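Report on the structure given below.
Each reported figure results from applying straightforward, stated rules to the coordinates on display, with no laboratory input. In this text, all values refer to a predicted model and were calculated from it rather than measured experimentally. Cβ atoms come from the backbone with ideal geometry, glycine included; neighbour counts cover every protein chain shown.
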């Protein structure tokens, strides 16, 4: 609006109406009026393109334009210009339609006073300015709403989605308007998360009563990727304090949740390592104490009593056995440490697997005695294979030793060897204690021993070593066991493994 005068474009083809309206305007005590008058719409459009006006008085019955199209053409050229329609006594309906289409007001020719005319034009200008500011404010809000990096949504008090920004649509996997006017908990990103849907329903209900609700919610993108949101639903009130809408906001905290999970995992790993360290210290203290005590006792016995030759020989034998047990325990600890740290190199050697297993079995029977019957069955006379002999020896020694240790005297142990499809399969099956089902998942963890071994001596290292020796040679190991019936360990190796360059 001009600060000095009001500029009016008068579009009217009736000279008498033009003169009357000009007289009414100039009779006003308000600001001076600058009136530009034209008789045709085409001329009016030319003026609108060349200059700016505060308002337009527009007749809907012109020589070159009739009806509502007249308003539409003016709006196309000057969308923010306030329009006051001039109409005859019989055209109230079309005048109201023009207002519905965007005109600010209308005047009926022949029923216009100076006061009414000026008031109508002035109010039309003021309303137009207010509407323009509202549009600008809405555009600013929409720009911020659409461009924010957070999930944002406008909800009804019942949880219906009225508007969602682009971030929210990307998360929900809906680029169209299909999500609008659906309940927020029905969005695709939460369809598989019933607890989240329940929380959203509860949050909408309580936010509708004035509370601000906040929680960490999991969601899924349209590609199936998991996302975590710091999500809130809060009421939006008017000047009187009444709740108009609900605002939904969400900040992506997926990286924070991942870091939190990794921290918890690291803490759990540290806890396991501490537990393993404590178990190791306890085991080493116990396992070393027995043979060392036996050696110490033997020394004292020899020094104090000077026993006969036969008793002295038995004492030396027990001491040698204790030394062997101590050295074996040290070897197991060192081997496990090397496999854990990756300091073992696999040295593949071409061997006859059947002959190698036979030799290991003979050595085991010499050291373990003849209290158990071991039946060795090999499918073929010769099974050529490329394996690491040291690692294979550790595997067989431990499996055979366990089968003997946990089987009753006189029990039968079956050792079978087969080969097919470039693979060798070794199976050692006993009829011993068996392994409780709850212990089988942790069977290959260091220092873990089954709950039913009772007083049977052991370190809990053997099967952990077996598992690592199998893995180093690209093999697989499986266990089938039933408590009170027995256990079968099956190891599968490739006969010609792919060796690293």
query = Once the Cα atoms of helix 15-26 and of the chain are each reduced to a long axis, what angle between those two axes, in degrees from 0 to 90 to the nearest 10, is obtained?
reply = 70 degrees
key: Angle in degrees between helix 68-77 and the longest Cα principal axis of the chain, rounded to the nearest 10   = 70 degrees
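By counting other Cβ atoms within 10 Å of each Cβ, how are 18, 71 ranked from fewest to most? Working shown, then result.
Values: 18 19, 71 22.
Fewest-to-most Cβ neighbours within 10 Å comes out as 18, 71.
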query = Where both partners of a DSSP beta bridge lie in the chain, what percent of those bridges are antiparallel, to the nearest 5?
reply = 70 percent
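Arrange 249, 421 by Cβ neighbour counts within 10 Å, fewest through most, would you?
Going from sparsest to densest Cβ surroundings: 421, 249.
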inquiry  = If I take every Cα pair under 8 Å that is 6 or more residues apart in the chain, average their sequence separation and divide by the length, what percent do I get for the relative contact order?
reply    = 7 percent
ask   = Kirkwood hydrodynamic radius for the chain: how many Å is it when counted over pairs of different Cα atoms?
value = 32.7 Å
Computed Rg/Rh of segment 342-501, alpha carbon atoms with Kirkwood Rh = 0.95
inquiry  = Can you give me the angle between helix 254-305 and the longest principal axis of the chain, using Cα atoms only, in degrees from 0 to 90, rounded to the nearest 10?
reply    = 10 degrees
message = Roughly how far apart, in whole Å, are the Cα centres of segment 235-252 and segment 434-501?
response = 61 Å
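In which sequence would 360, 253 go, from the one with the fewest C-beta neighbours within 10 Å to the one with the most?
Values: 360 20, 253 17.
The order, fewest Cβ neighbours first, is 253, 360.
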inquiry  = Two decimals, Cα atoms only, Kirkwood Rh: what is Rg/Rh over segment 6-144?
reply    = 0.97
query = Between residue 238 and residue 69, how many nm apart are label points set 7 Å from Cα along the C-beta direction?
reply = 4.1 nm
request  = Could you calculate the contour length gain from residue 472 to residue 313, that is, 0.36 nm times the residue separation minus the distance between their Cα atoms, to one decimal place in nm?
outcome  = 53.0 nm
